[in-house]
């Protein structure tokens, strides 16, 4: 069995919930968050992901836009990656953690309706979500698979976690700090 690589991205900086008067799902990246999104694209593109899944929150979509543009692939929106869906996100990660998995049904608003094409794919999927989701998912993976994380999750806004799986179990976790821009 091969290695499956999942890249968990915490959205870039978008101010605070308290400082935003509108619907929190519409809270956009701020200037620093946009620069972090460009940095994330530079860090993640060399991993050659073949799929990008994102929370439908504007700040997550905006975090993934530079990467999607660079790779020429669509951003698929998924309700399992919203702030209150951590257990759904964990199930999604587990479903994606084996080679040839296709995560049927988790992308409820895919921008192109495409499924995963495993013919010649890199086995790398990017998931952009929120800190509370990343914290729950990584803690559960570490406990279940007996790995030690290099830092306490979720990490800073704009960070990247590269998680490698073999036969559905975590074999390594690497933290990439956000750029200080």
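So which strands (runs of 3 or more DSSP E) stay within segment 120-181 end to end and still have 3 or more residues that are under 23 Å from residue 32 (Cβ atoms) and modelled with pLDDT of 95 or more?
Details: elements: 124-129, 160-166, 169-176.
Here the list reads 124-129, 160-166.
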### Message
Can you report the number of residues in segment 91-100 which are surrounded by 17 or more Cβ atoms within 10 Å (Cβ to Cβ) and modelled with pLDDT under 95?
### Response
1
### Message
I'd like the full set of residues that are touching a residue at least 12 places away in the same chain (Cβ under 8 Å) and surrounded by fewer than 21 Cβ atoms within 10 Å (Cβ to Cβ), limited to segment 128-143.
### Response
131, 132, 135, 136, 139, 140, 142
### In segment 25-45, residue surrounded by the fewest Cβ atoms within 10 Å (Cβ to Cβ) [restricted to those that are touching a helix residue (DSSP H, G or I) at 6+ places or on another chain (Cβ under 8 Å) and over 16 Å from residue 129 (Cα atoms)]
45
### Query
For residue 140, which of the numbered conditions (1) out of contact with any helix residue (DSSP H, G or I) (no Cβ under 7 Å at 6 or more places or on another chain); (2) closer than 16 Å to residue 92 by Cα fails to hold?
(1)
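Residues are listed down the side, and each one gets a yes or a no for (1) in contact with a helix residue (DSSP H, G or I) (Cβ under 7 Å, 6 or more places away or on another chain); (2) modelled with pLDDT under 95; (3) surrounded by fewer than 22 Cβ atoms within 10 Å (Cβ to Cβ):
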residue	(1), (2), (3)
47	no, no, yes
54	yes, no, no
76	no, no, no
81	yes, no, no
89	yes, no, no
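The values are calculated or read from the model by the stated rules, or taken from the named source; none is laboratory data. What you see is a predicted model, and the numbers here were worked out from it, not measured in a lab. Don't worry about glycine lacking a Cβ; one is built from the backbone with ideal geometry, like all the others, and counts go over all protein chains shown.
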